[in-house]
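Quick notes on the structure that follows.
Coordinate-derived values only; no laboratory data. The structure presented is a predicted model; accordingly, all values stated were derived computationally and were not measured. Neighbour counts are summed over all protein chains in view; Cβ atoms, including those assigned to glycine, are modelled from backbone coordinates with ideal geometry.
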Amino acid sequence: MQRIHWNYFFAIEDDLATLSRYVEFHEDNFTTYSIEIARILMTAVQEVDVLLKSICGHYNVPAANVRDYHNLVVAKHPNIRDARVTLTHHSLARVPFASWTEDSPPSWWTANNKVKHARDTEFSRASLESAIDAVSALLIVNIYRQEIIEGTHDFVLEREPRLFDIDWFCNSVSGETWAQRLYGIPGT
């Protein structure tokens, strides 16, 4: 059943790629917001939530919110905060969990909650930057879930991501890059 999470990621990533035809993925546009960006943000964060809850369940730790996720995931896998993804065609690199602390969720998580619960006053938080970071986070959490729950890091995806380069994941659960794990390339 692990493919369903990857298929969901690819569907969300495809939506983000389509968006890039209309809004240039550049820091100058990071505050751009729209209904479509809000939909991508909220869909990606919802799936991150599902996957983090699944990881916590694997460790038999009940988790109800982002603080619970932090307490388990960051304690067991602190390098998640350093996990970096690249969108080379857009000259962007993102570290979506870098600021995650027990008392402060990632900004894209907060943006999602603000848009979800106070859309009439907080809709501008459905920004391009938040959506890109949420989809980047989804990619990272999918890999963590794959390695933790499925117990494998030598899986091959049926397709490569459209926006994210194959070597986007620079700090996996095992400390190797994606290319090192996928192709057996020695570490530097």
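At-a-glance table
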item: DSSP-assigned coil residues among trypsin sites (Lys or Arg not before Pro) in segment 1-60, each with at most 12 further Cβ atoms within 10 Å; result: ARG21
item: Alpha-carbon Debye profile of segment 42-95, log10 I(q)/I(0) at 0.20 Å⁻¹; result: -0.78
item: Positive minus negative residues near ARG159 (Lys, Arg vs Asp, Glu; Cβ under 15 Å); result: -3
item: Sorted by Cβ neighbour density within 10 Å, fewest at the top, the residues LEU157, LEU138; result: LEU157, LEU138
item: Cα-derived Rg to Rh of segment 2-183, Kirkwood definition; result: 0.94
item: Cleavage-rule hits (trypsin sites (Lys or Arg not before Pro)) in segment 81-165: DSSP loop, at most 11 neighbouring Cβ within 10 angstrom; result: ARG159
item: Two-decimal Rg to Rh for segment 1-103 - Kirkwood Rh, Cα set; result: 0.99
